[in-house]
Amino acid sequence: MGCPDIYYERFVREADRLITYSWNTDKVTPLEEMEQRISGYKHNSDFYFNCGIAAAHVLDNVQEEEGGDAFNAALGGLSEFESLIGNDDEDFCEVYDKQIAKPVEDKKVIKDLNGNPYTMEGTCPTCGAYLTMHGSYYCSWCGQYLDWDIKETDVGDE
């Protein structure tokens, strides 16, 4: 069986790479310094999103290249990484809650000059931002997952 610490370090380095929008993994900075950087980043929806993508990248590589025993060790490293990013803090709970769809408030169907519906607008139930449905089901201001409650009669075939 592989060593979970090796995979933990891979999770940390990949998360740092994604959070800093770097093309290359930082392989020279000591692990302790990287842990401090990750702990110091603002724990918001972008942070947790990037940490999740980092975990997915590492686990995909392990599954493709290394197989069974390594994957079990990677899960041990993932548990340690989870402790580092603090998924039990308030910010994590807030981010998680935003993934539960909430209905758009004050929803209106917008029609073209011929009277055909083509889009919808409304207000985000979390932050109150004015939104136009443009293919995204997330509020561009706060990240809330939105339920536009689209019916065939509202906006064409969407």
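The values are calculated or read from the model by the stated rules, or taken from the named source; none is laboratory data. Bear in mind the structure is a predicted one, so any value in this text is a computation, not a measurement. In this analysis, Cβ positions are derived from the backbone assuming ideal geometry, glycine residues included, and neighbour counts consider all displayed protein chains.
When Val109, Val104 are checked against the criterion of being more than 28 Å from Leu18 (Cα to Cα), touching a Leu at 6+ places or on another chain (Cβ under 6 Å) and modelled with pLDDT of 85 or more, a single residue qualifies: Val104.
Candidates are the residues of the stretch 30-57 that are buried (at least 17 other Cβ atoms within 10 Å of the Cβ) and under 10 Å from Val12 (Cα atoms); the one that is nearest to the chain's Cα centre (by Cα) is Cys51. Screening Ser140 on (1) modelled with pLDDT under 85; (2) closer than 29 Å to Ser22 by Cβ; (3) not in a loop (DSSP other than H, G, I, E, B) shows it passes everything except condition (3). Consider the stretch 122-137 and keep the residues that are aliphatic (A, V, I, L, M) and assigned to a loop (DSSP other than H, G, I, E, B). The one that is modelled with the highest pLDDT is Ala129. If you go through the stretch 95-147 and keep only what is under 30 Å from Ile85 (Cβ atoms) and touching a residue at least 40 places away in the same chain (Cβ under 8 Å), you end up with Val95, Lys98, Gln99, Ile100, Ala101, Lys102, Cys142, Gly143, Gln144, Tyr145, Leu146, Asp147.
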